[in-house]
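Below: one structure, written as structure tokens.
Every read-out reported here was derived from the displayed coordinates using simple, explicitly stated rules and does not represent laboratory data. Owing to the predicted nature of the structure, the values given are computational and were not obtained by experimental measurement. Glycine also receives a Cβ, built like all others from the backbone with ideal geometry; neighbour counts cover every protein chain displayed.
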Amino acid sequence: MKSLLAGFLACCGLVWGQGGLAAVTGTVVDSSSSAVPNATVKIVQTSTNAARTVTTNETGLFTLPSLSPSEYTITITATGFKEKNSIRSPSTPSKR
């Protein structure tokens, strides 16, 4: 079974918008840096267990918008690959 790139979240970023909400966006790739289309990306807010799921597009891209500042567990699964997990704790957006 192939592995998703260990640094899959290195391509993933938190983007803060107005109103204190964030979006997680990134690209899922395999160990040869090839895009992984149709991968399932699940994000769970650890304090509430609220979960959201999206599927990557044909270039491996995904976006999870409208997230509140919190700690999240991100799990990526794809057919033929080992599951990949990460915990992310975004910082609170600065006030401008």
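Take the Cα of ASN57, step 7 Å toward its Cβ, do the same at SER33, and the gap between the two points is 2.1 nm.
In this simple spin-label approximation, THR40 and THR75 carry label points 7 Å from Cα along the Cα→Cβ vector, and these lie 0.9 nm apart. If you bin all the Cα-Cα distances of the stretch 8-88 at 10 Å, starting from zero, the percentages per bin are 19, 53, 24, 4. Around the Cα centre of the stretch 8-88, unit charges on the Cβ atoms of Lys, Arg, Asp and Glu (plus for the first two, minus for the last two) sum to a dipole of about 120 debye. Across the stretch 8-88, Cα pairs under 8 Å and at least six residues apart give a relative contact order of 28 percent.
Taking 7 Å steps out from each Cα toward its Cβ at THR48 and LEU21 produces label points 1.2 nm apart.
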